[in-house]
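The values are calculated or read from the model by the stated rules, or taken from the named source; none is laboratory data. Owing to the predicted nature of the structure, the values given are computational and were not obtained by experimental measurement. Positions of Cβ are backbone-derived with ideal geometry, glycine not excepted, and every protein chain shown enters the neighbour counts.
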Amino acid sequence: MSARKSPKTKNPKTVSPGKIAVPTSTSSSPDGEFELAGKAAEFIFSQTSLRPRIALVLGSGLGGFAVEFAAATKIPYVKIPHFPQSTAIGHAGNLVIGKVGAIPVAGMQGRVHLYEGYSAKEVVFPIRVFARMGIKAVILTNAAGGIKREFVQGRLVVISDHINLQAVNPLIGPNDERFGLRFHDMTSAYDRRFREMTVGEGNRLGIGMYEGVYAGLLGPSYETPAEIRYLRAIGADLVGMSTVPEVIAARHSGIRVLGISCVTNAAAGILDQPLNHREVLETAERVKGQFIGLLKAVIPRIAEAIA
Ligand code: HPA
């Protein structure tokens, strides 16, 4: 496949808060990802005067946090041009723009997954929209199975790194340099400073915080016990079916990433019991208060860090 040459400069796009990122490179088609994401961003800006620089993706059963935003505007995904629609239970499908304390944020109540049949590019479209909105930091949350023995049900774990076992990458195909480089670095995909701040804030709140490596699988079936033994052997501490494409796309555009998993169940074969989605949602619901407390503590720190 022929790809355009890698740019000689660093990420050439310039985005200032409140402005839709202006193309600085020549190649564009009216229905390219960059243009479509720009249209979606424009629509979102037409609905609210807030111009957030921090976005959250609230995973399975965790969307409730957005209900607490002050001065909130709720935009159903169906209304946002080109936005994918979530079909998974526990994913409400609204973008909520509002404030946490004094800080404007954009919160996605639910995401779409590869297992729903969406392509990797569709899965990361909201992240592309965030890039066009001038978002500088994204907090990605998810429900995950705990592989590491200490990661028992209800634990909140800061993601330190990931292993992509989804066999796809959202950046496959021609690279649009207005989003980022052809070959972008993933050495520090999960921002070290954000991780330290989150562990620190969690400990201050009395939440025993841990860090771990997230293995992203395609799903939708849960793993077999043999697969979990394999994942442990290759260095995974958590397993889930999301997040990885979004992190890749966010880093492509220079958006800093914090990932937090809620361990909703012990991974397959660890306990002598089958897995089910009800348990995932029930656990997410049970730790929601703690999760929200952590996010409220971390958001002002992130706002400072990206100022
Ligand atoms: N495996 C994969 N995805 C998950 C799990 C799991 O055990 N729990 C929540 N999401």
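Across segment 94-130, which residue is surrounded by the fewest Cβ atoms within 10 Å (Cβ to Cβ) among those that are among the small types (Gly, Ala, Ser) and under 15 Å from Thr141 (Cα atoms)?
The selected residue is Gly110.
Taking the criterion of being away from the ligand (no atom under 16 Å from the Cβ) and loosely packed, with under 15 Cβ neighbours inside 10 Å, the only residue of segment 264-299 that qualifies is Gly289.
Quick one: in segment 50-72, which of the residues that are out of contact with any Gly (no Cβ under 9 Å at 6 or more places or on another chain) and farther than 24 Å from Met241 by Cβ is surrounded by the fewest Cβ atoms within 10 Å (Cβ to Cβ)?
Val67
When you check Asp176 against the structure, is it buried (at least 17 other Cβ atoms within 10 Å of the Cβ) and over 16 Å from Thr243 (Cβ atoms), yes or no? In short, yes. Of Ile135, Ile163, all but one fail to be of a type in the set (Val, Ile, Thr) and part of a strand (DSSP E or B); the exception is Ile163.
Residues of segment 248-258 include none that is of a type outside the set (Ser, Thr, Tyr), closer than 27 Å to Ser221 by Cβ, in contact (Cβ under 8 Å) with a residue 12 or more places away in the chain and within 15 Å of the ligand (Cβ to nearest atom).
Residue by residue, here is whether (1) of a type in the set (A, V, I, L, M); (2) out of contact with any Pro (no Cβ under 9 Å at 6 or more places or on another chain); (3) in a loop (DSSP other than H, G, I, E, B) holds:
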site	(1), (2), (3)
Ile127	yes, no, no
Pro174	no, yes, yes
Phe183	no, yes, yes
Val213	yes, yes, no
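Go through Ser221, Ser242 for me and flag whichever is within 15 Å of the ligand (Cβ to nearest atom), at pLDDT 95 or above and closer than 22 Å to Leu294 by Cα. Criteria check complete, one pass: Ser242.
Looking only at segment 129-167, how many residues end up being within 16 Å of the ligand (Cβ to nearest atom) and closer than 23 Å to Arg301 by Cα? Looking only at that region, the number is 7.
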